[in-house]
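In what follows, a single structure is set out as structure tokens and then discussed.
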Amino acid sequence: MASMEGVQKDAAQLKIEELEAELGEEGMQEVDDYLTLQASLPDVVKSMPFSGLAFAATNTESQKIKMGYIDNFDVSEKEKDGYKTGLQDVWDRYPFNITKDDYPFMAELGPMIEAEAFSVYSPEELEAI
């Protein structure tokens with residue numbers, strides 16, 4: 001195999017190397033796993049409103065946070081239970097059994113979750129989560 005010494009690297013390769021130095025091997029594996037999962041998602045999930053909310057299905061801690069936001073909604077307990085049940089249903093079917101029928105629910109719930117998150121955290125803090 002030919003040596004890579006002396007070969008000019010493009011900006012993307014340099015950025016990847018910088019990221020690898022920052023994250024380490026384990027961190028890079030997490031990035032690779034995430035990108036692989038994202039690439040494998042059905043188009044119906046990729047096109048879903050607030051698909052990031054559905055992606056919480058892959059992380060128990062994120063699910064708890066989202067459910068906590070619903071607990072803080074200024075709606076009746078019955079409505080909170082309905083939102084929680086609906087969201088848990090989406091998570092239970094993520095990613096391969098999501099349909100376009102889920103879009104209206106996610107389009108309704110997504111902005112409410114987002115508003116609650118922004119009432120608790122600054123945009124910078126949310127990016128770090």
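The values are calculated or read from the model by the stated rules, or taken from the named source; none is laboratory data. Keep in mind the model is a prediction, meaning the values are calculated, not measured. Note that we place each Cβ from the backbone using ideal geometry, even for glycine, and neighbour counts take in every protein chain shown. We work out accessible area using only protein heavy atoms, side chains counted, and drop any ligands, DNA or RNA first. Shrake-Rupley method; radii C 1.70, N 1.55, O 1.52, S 1.80 Å.
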query: So residue 95 clears everything in (1) modelled with pLDDT of 95 or more; (2) under 18 Å from the mean Cα position of the chain (by Cα); (3) not aromatic (Phe, Trp, Tyr) except one condition, right? Which one?
result: (1)
- prompt: Would a scan of region 56-72 turn up a residue that is surrounded by 10 or more Cβ atoms within 10 Å (Cβ to Cβ), of a type in the set (Ser, Thr, Tyr) and in contact with an Asp or Glu (Cβ under 9 Å, 6 or more places away or on another chain)?
  reply: yes
Qualifying residues in region 43-70 (those that are of a type in the set (D, E, K, R) and without any contact (Cβ under 8 Å) to a residue 24 or more places away in the chain) - the one farthest from residue 103 (Cα to Cα): 61
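Select from region 24-55 the residues that are part of a helix (DSSP H, G or I), aliphatic (A, V, I, L, M) and closer than 12 Å to residue 110 by Cα and list them in ascending order.
At the first step, the residues of region 24-55 found to be part of a helix (DSSP H, G or I) are 24-40, 43-46, 51-55.
In the following step, the residues that additionally are aliphatic (A, V, I, L, M) were identified as 28, 31, 35, 37, 39, 44-45, 53-54.
Across region 24-55, the qualifying residues are 53, 54.
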field: Selection within region 19-66 - at pLDDT 90 or above and on the phi > 0 side of the Ramachandran plot
entry: 50
field: Cross-chain or 6+ apart pairs with Cβ under 6 Å, region 71-88 first and among the hydroxyl-bearing types (Ser, Thr, Tyr), then modelled with pLDDT of 95 or more and surrounded by 15 or more Cβ atoms within 10 Å (Cβ to Cβ)
entry: 83/70; 83/109
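Taking residue 16, is it in contact with a Phe, Trp or Tyr (Cβ under 8 Å, 6 or more places away or on another chain) and assigned to a helix (DSSP H, G or I)? Even if it seems obvious, please write down each step before you answer.
Values: in contact with a Phe, Trp or Tyr (Cβ under 8 Å, 6 or more places away or on another chain): no; assigned to a helix (DSSP H, G or I): yes.
Criteria not met by residue 16.
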message: For region 82-104, give me each residue that is closer than 14 Å to residue 55 by Cβ, open to solvent by less than 30 Å² (accessible area, probe 1.4 Å) and outside any loop (DSSP other than H, G, I, E, B).
response: 87, 90, 91, 102
task: Please tell me if residue 57 is within 20 Å of the chain's Cα centre (by Cα), within 22 Å of residue 120 (Cβ to Cβ) and among the hydrophobic types (A, V, I, L, M, F, W, C).
output: yes
